[in-house]
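For reference, the structure is listed below as structure tokens.
Since every read-out is calculated from the coordinates, none of them should be taken as a lab result. Values in this document were obtained by computation on a predicted structure and should not be read as measured data. Every residue, glycine as well, gets a Cβ built from its backbone with ideal geometry; the counts of neighbours run over all protein chains shown.
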Amino acid sequence: MNSSIDSKNNLLKPHIPRHFIAVLVACLVMLVLCIIASLVFGSRAISFNELIAGLFHQNVDSYGANVVRQRVARTVFSLFCGAALGISGALMQAVTRNPIADPSILGVNTGASLFVVGGIAFLNISTATQYIWLALAGAMITAVFVFGIGSMGRGGATPLKLVLAGAATSAALSSLVIAIMIPRSYVMDQFRFWQVGSVGAANWSSITTFIPFLIVGILLGILSIAALNALALGDEVAKGLGVRTGVLRLTAALAAVLLCGATTALAGPIGFVGLLATHVIRLILGPDMRYVVPMSAFAGAIILTISDVCGRVLGSPGELEVGVVTAFIGAPILIIIARKAKVRGL
Amino acid sequence: MKPKHIFQAEGIVAGYDDKAVINKISLEIPSNKINVIIGANACGKSTLLKTLARLIKPTSGKITFDGKSISKIPPKQFARFVGLLPQSPIVPEGITVADLVGRGRFPHQSLFSGWTKEDYEAVAEAMEIMNITELANHHIDELSGGQRQRVWIAMALAQQTDILFLDEPTTFLDITYQVEILDLLTDLNQKRGTTIVMVLHDINLSARYADNIFALCEGKLVAEGEPSEVITSSLIKEIFGLDCTVIEDPISGSPSVVPIGRHHVTNGMHSLGNG
């Protein structure tokens, strides 16, 4: 009798998704590989000896070793940003129950950009911390605005309406950004690099500025995960299970905006990473948020870092900003997902 | 056996956008019984169910659970006593049966407790009651309508509540599956004493499976009691505007409604219906 219950309980452990261990191992291997690639590849190739010297022998002061040390900061930064974007995408999609919710598609990045440009032009801001707060304010206001418009009318926030609202808002805000920049060449110079989205300028101080936001965002995300699983079954089921849906949406959306807003502030608007990471993970592991959120962080970190390496190799002897690379990979994927979503709905 | 609970509503008014859909309804849900809410389309059946299940806040009146106002009970605690299966829940893409059923455990879990032995047992038991244990690792997309509905009810069962609200659990199902679902719910009620409150469309199945009927008409409660007392041709005329004759169901002995339309009326029943 007991053994039959035991075997039944074993049968009931598919709560761990089928391919989870394989995916975890694959992610760890890819993570290590892309870290190595990020340290070695670039406009100046690094030899194995230089890599070791740069990483482990602080007293060696060769040019190669210094390049490695600079690339360490860049790599750490891109891993953090990618993870933040991955989590942010997963949370936004869960909150809106919309498969194409992503900071770039919903115009949140453009909102952050507008505030940063406005800050540079009118408030003379120039430090990373100032960027962050302005970008967060812009991201939050835009998020509320787009969801507000997208939820109007029948059927609430459907994927199509949200994307249209996001695209329209994004276009309007972009024109404002340009209107502010054109007559001010100094803003243009300061903003140009930032606008495309790049992790190349990362240093340890931008990383330490970023970390508190990353931690708060992740904690708020962790608080929401179990309830988001209930929300996925519809608002009524979630309420029936005892979820305060309003509080949950607010918490998770705040986490999402914190994560993508802080990333945008420091690295510029990098599109599609959250969308891509979450979709790949959900496709393989299924929709359980307890796995989707942490694994999207992994996937996001890997995607952004690989994209950055690709940008460095393809753009050699200069480099292609990572935002350009992710847009190239992400745009076709978005079209595929949007077509699928139209057929199926959510 | 599930313990007895006192669940009362007193003069509740509720609706959407300031428009009252149910008007001053007072009732007590008989504990450990199968209760069915009947009424015509748009008469407020679902609204009443959702208000009792705390999805809609009444604009006036009060609802109490064991003497305590339900708006004062923390949502998660309430969800350990009262479960709800709404009419059209959403199936996340690619979800498995076990994952979906397991989500019914939410009110029993805290942030850091993770999955306990009780959780696994509750899920296993719910799947066994609904006969879906073999389907545990299947994707919901692969299932038939009847199987899907059993999965959803299993999700609500995993919640292990004493009271279960269901909004039209048999809609869109073939008659075979309708009877199957109602039989399973009756098993649940008889074996465990779970109080069931559901909205059903089919009057005859309601009359057969209900211990107690709440009949609604234009937002008001017009009749309440055992089917044999409540289901009469005059009540059906009142709530549905339909002429009918009520006969004894040859299988269960419960009342059975035979409608009288404008055509195919023989045996002089036409004059009876109109008279």
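Rounded, prolate or oblate: which fits the stretch B:114-197, taking a ≥ b ≥ c as square roots of the Cα gyration tensor eigenvalues, rounded meaning a/c under 1.5, else prolate when a/b beats b/c? Judged from the Cα gyration tensor, the stretch B:114-197 comes out oblate (a/c at least 1.5, b/c at or above a/b). The separation of the stretch A:119-150 from the stretch B:197-236, counted between C-alpha centres, amounts to 58 Å. Spin-label model, B:Ile251/B:Glu218: points 7 Å from Cα along the beta carbon direction are separated by 3.5 nm. Counting Cα-Cα pairs of the stretch A:200-346 in 5 Å increments starting at 0 gives whole-percent bin shares of 2, 9, 14, 19, 19, 17, 10, 6, 3, 1, 0, 0. The overall shape of the stretch B:164-275, judged from the alpha-carbon gyration tensor, is prolate: a/c is not under 1.5, and a/b is greater than b/c. In the elastic network of chain A, a GNM with C-alpha springs shorter than 10 Å, the most mobile of A:Ile120, A:Ile100, A:Ile335 is A:Ile335.
When the alpha-carbon atoms of the stretch B:1-41 are used, the pair Rg, Dmax equals 13.2, 41 angstrom. Relative to the Cα centre, the charge distribution of the stretch A:43-146, modelled as +1 at Lys and Arg Cβ and -1 at Asp and Glu Cβ, gives a dipole magnitude of about 60 debye. Near the amide H of B:Phe7, within less than 5 Å, lie the amide hydrogens of B:Ile29, B:Asp66, all on another chain or at least 5 residues away, with H placed in the peptide plane. Here the convex hull built on the C-alpha positions of the stretch B:65-115 has a volume of 117 cubic angstrom per residue. The 3J(HN,Hα) values that the Karplus relation (6.51, -1.76, 1.60; θ = phi - 60°) gives for the stretch A:214-229 are, in residue order, 4, 5, 4, x, 5, 4, 4, x, 4, 4, 8, 3, 4, 5, 5, 4 Hz. Gly and Pro appear as x.
Classify the stretch A:224-305 from the C-alpha gyration tensor, please: rounded if a/c falls under 1.5, else prolate or oblate depending on whether a/b exceeds b/c. Oblate is the answer for the stretch A:224-305, as a/c is 1.5 or above yet b/c matches or exceeds a/b. Farthest toward the positive end of the dipole of the protein assembly as shown, out of A:Ser224, B:Ile251, B:Met1, is the Cα of A:Ser224, where the dipole comes from beta carbon charges about the Cα centre. Using Cβ point charges alone (K and R +1, D and E -1), the dipole size of the stretch B:192-275 about the Cα centre works out to roughly 180 debye. Taking the square roots of 5 times each eigenvalue of the Cα gyration tensor of chain B, largest first, gives ellipsoid semi-axes of 34, 23, 16 Å.
For chain B, a simple Cβ point-charge model (Lys and Arg +1, Asp and Glu -1, everything else neutral) yields a dipole of about 1000 debye relative to the Cα centre. Any chance you could tell me what percent of the C-alpha pair distances in the stretch B:122-167 go past 13 Å? The calculated P(r) of the stretch B:122-167 puts 52 percent of pairs beyond 13 Å. If you average over every viewing direction, what projected area does the convex hull of the Cα atoms of the protein assembly as shown give, in nm²? If I average the Cα hull's projected area over directions, I get 34.3 nm². A Förster radius of 60 Å, combined with the Cβ-Cβ distance separating B:Ser26 from A:Ser185, puts the computed FRET efficiency at roughly 0.20. Structure remark: mean-square fluctuation, Gaussian network model of chain A, C-alpha springs under 10 Å; the largest value among A:Leu285, A:Leu114, A:Leu219 belongs to A:Leu219. Note on B:75-81: average number of Cβ atoms from other chains within 10 Å of each residue's Cβ is 4.
Summarised in one figure, the compactness ratio Rg/Rh of chain A, Cα atoms and Kirkwood Rh, is 1.01. Taking every alpha-carbon pair under 8 Å whose residues sit at least 6 apart, the stretch A:268-346 reaches a relative contact order of 35 percent.
For B:Val222, the residues 5 or more places off, or on other chains, whose built amide H falls under 5 Å of its own are B:Ala215, B:Leu216, B:Cys217. Shielding by partners for peptide B:103-115, expressed as the average number of C-beta atoms from other protein chains within 10 Å of each residue's C-beta, is 4. Convex hull volume of the C-alpha atoms in the stretch A:264-346, normalised per residue: 103 Å³. Of the trypsin sites (Lys or Arg not before Pro) found in the stretch A:85-163, the ones in coil according to DSSP and having at most 16 other Cβ atoms within 10 Å of their Cβ are A:Arg154. Under the simplified labelling scheme, the B:Lys237-A:Leu164 pair shows an inter-label distance of 5.1 nm, with each label point 7 Å from Cα along Cα→Cβ. Ordering A:Gly119, A:Leu320, B:Gln109 by the projection of their Cα atoms onto the charge dipole of the protein assembly as shown, which places +1 on the Cβ of Lys and Arg and -1 on the Cβ of Asp and Glu, puts A:Gly119 at the extreme positive end. Since only B:Leu200, B:Asn212, B:Leu182 are under comparison, the one whose Cα sits farthest along the positive direction of the charge dipole of the stretch B:175-215, derived from C-beta charges on Lys, Arg, Asp and Glu, is B:Asn212.
In order along the stretch B:239-248, phi translates into HN-Hα couplings of 8, 10, x, 10, 6, 7, 10, 9, 10, 8 Hz, rounded to whole numbers, per the Karplus curve 6.51 cos²θ - 1.76 cosθ + 1.60 with θ = phi - 60° and x for Gly and Pro. Between B:Leu200, B:Leu164, B:Leu55, the Gaussian network model of chain B with springs among Cα atoms under 10 angstrom shows the greatest mean-square fluctuation at B:Leu55. The calculated Kirkwood hydrodynamic radius for the stretch B:1-155 is 17.5 Å, given to one decimal from all distinct C-alpha pairs.
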